[in-house]
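The values are calculated or read from the model by the stated rules, or taken from the named source; none is laboratory data. None of these values were measured; they are calculated from a predicted model. Counting neighbours? That spans all protein chains shown, and the Cβs are built from the backbone with ideal geometry, glycine included. Protein only, heavy atoms only, side chains kept; ligands, DNA and RNA dropped before computing areas. Shrake-Rupley method; radii C 1.70, N 1.55, O 1.52, S 1.80 Å.
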Amino acid sequence: MKYSKEEVMQYVQEEDVKFIRLAFCDVFGKQKNISIMPEELPRAFEYGIAFDASAIAGFGDEMRCDLLLHPDPETLMLLPWRPEHGKVVRMFTSISYPDGTPFECDTRSLLKKAVEDAQKAGYTFTFGAEQEFYLFELDEKNKPTKIPYDEAGYMDLAPDDRGENIRREICLTLEQMGIRPESSHHEEGPGQNEIDFRYSEPLTAADNTMTFQTVVKTVACRNGVFVDFTPKPLEDKPGNGFHINMSVKPSDTSANLCCMIAGVLDKVVEMTAFLNPTEESYKRFGHSKAPGYVSWSSENRSQLMRIPAAVGEYRRAELRSPDPMANPYLAFTLMIYAGLIGLENKLDLPEATNINLYKADAETLARFKKLPDSLSDACKEAAASEFIKEHIPAAILEIYCNK
């Protein structure tokens, strides 16, 4: 349900809400928030709530440190794990300077603009997220270890799969918050899990991705285990992927889907620094169903992009290179603009690659463009890209490539 400002204030009063969390993220997608009391809500809607931006990585320094958070009433959500009496709700926010100028490093606002630009061009995109994570045991001091919570394998059942009840609790919590999980299962790695979501419009999908990580961490903590979303938690085991499903309307023919995919393939190397923003990200490429080359196919999971078996409204393209350390607002923004390039220029989709690239010889692999081997290489590609410079503010590009 999407609320108005008046409805939010009525809800807070009638439902005994005592704390309102105003949520945002830094440029790398790390979640932040500030809590206000109900009496401050009218001020928040009218003027915004100030915070010290110099304490947020990449947001500024002591010379220009004040920024304002403006709550988006449509994103109101009750946090069901907080007390029933004296409830806690959360709203996502936009960020501005004190004079009202939008803050250029507010990545959620960048995605809103991308959605608006796509609509002006006559296209509507939808996204679905699939994020993988590991569950690890805690030591006697409640510090995380690298001991997997179980030794189960892909889609195994309980009791081998010890994460089943944790996934169940995560899914039920998300449902209470109005977020609809589509499926959940044990992944290939020991203690590794995956939960997938039904597609939604881009801003909602990105907000839900942020909420998902918060819920997973909260539920894992309540169950006495540690959750790890990093790209390669265990050196010799599968990494964690953030598979992004993307579709476009109008989709009366397959031509639009093909052009969209062609656009993403054309720009994916240039935007890899934003899809895979850590050094560890590049240890995942080329192993255990994580792609290493720019290619596509139907169903084939060794490719960068694939078109899963589906029909009608469920027909989509899946980008398999991102990992959960990516800021979803930036990832979706760049995928929209890349897709628009493909659609507006009617780019031809390259020939499908119907081979297993993990088993291909060097001569075969030499025919394909390779994803960057390191974060440094990815940043060089981004810094030299006119596409990135057009759609990513210089301040964010500087932060990513000179951190």
Matching residues in the stretch 190-205 (under 15 Å from P328 (Cα atoms), open to solvent by 30 Å² or more (accessible area, probe 1.4 Å) and touching a residue at least 12 places away in the same chain (Cβ under 8 Å)) number 2
Among the residues of the stretch 1-37, the number that are open to solvent by less than 30 Å² (accessible area, probe 1.4 Å) and either of a type outside the set (D, E) or assigned to a helix (DSSP H, G or I) (or both) is 11
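Can you name the residue in the stretch 103-125 that is among the hydroxyl-bearing types (S, T, Y) and within 23 Å of Q31 (Cβ to Cβ) and, of all such residues, is least open to solvent (accessible area, probe 1.4 Å)?
The first filter runs over the stretch 103-125 and keeps only residues among the hydroxyl-bearing types (S, T, Y), leaving 107, 109, 123-124.
Next, from what is left, pick out any that are within 23 Å of Q31 (Cβ to Cβ): 107, 109.
Values: T107: 1, S109: 42 Å².
Top of the filtered list is T107.
Can you tell which of K403, K359 is under 22 Å from the mean Cα position of the chain (by Cα), at pLDDT below 90 and open to solvent by 100 Å² or more (accessible area, probe 1.4 Å)?
Working: K359 fails: under 22 Å from the mean Cα position of the chain (by Cα).
Result of the check over K403, K359: K403.
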G100 - would you say it is more than 20 Å from the chain's Cα centre (by Cα), surrounded by 15 or more Cβ atoms within 10 Å (Cβ to Cβ) and without any contact (Cβ under 8 Å) to a residue 12 or more places away in the chain?
no
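Out of A338, A331, A352, report the one residue that is in contact with a Lys or Arg (Cβ under 6 Å, 6 or more places away or on another chain) and either buried (at least 23 other Cβ atoms within 10 Å of the Cβ) or in contact (Cβ under 8 Å) with a residue 40 or more places away in the chain (or both). Break it down stepwise before answering.
Details: A331 fails: in contact with a Lys or Arg (Cβ under 6 Å, 6 or more places away or on another chain); A352 fails: in contact with a Lys or Arg (Cβ under 6 Å, 6 or more places away or on another chain).
Result of the check over A338, A331, A352: A338.
Right, N345: of a type in the set (S, T, N, Q) and in contact with a Phe, Trp or Tyr (Cβ under 8 Å, 6 or more places away or on another chain) or not? Before you say what the answer is, go through the steps one by one.
Details: of a type in the set (S, T, N, Q): yes; in contact with a Phe, Trp or Tyr (Cβ under 8 Å, 6 or more places away or on another chain): no.
Answer is no for this residue.
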Given the criteria open to solvent by 60 Å² or more (accessible area, probe 1.4 Å) and acidic (D, E), does E187 qualify?
no
Please work out if T214 is open to solvent by 20 Å² or more (accessible area, probe 1.4 Å), more than 17 Å from I147 (Cα to Cα) and within 14 Å of the chain's Cα centre (by Cα).
yes
Let me confirm something: among D207, D196, which residue is modelled with pLDDT under 95, of a type outside the set (G, A, S) and either assigned to a loop (DSSP other than H, G, I, E, B) or within 21 Å of the chain's Cα centre (by Cα) (or both)?
D196
So which residues in the stretch 58-80 are farther than 27 Å from L174 by Cβ and either without any contact (Cβ under 8 Å) to a residue 40 or more places away in the chain or outside any loop (DSSP other than H, G, I, E, B) (or both)?
G60, D61, E62, M63, R64, C65, D66, L67, L68
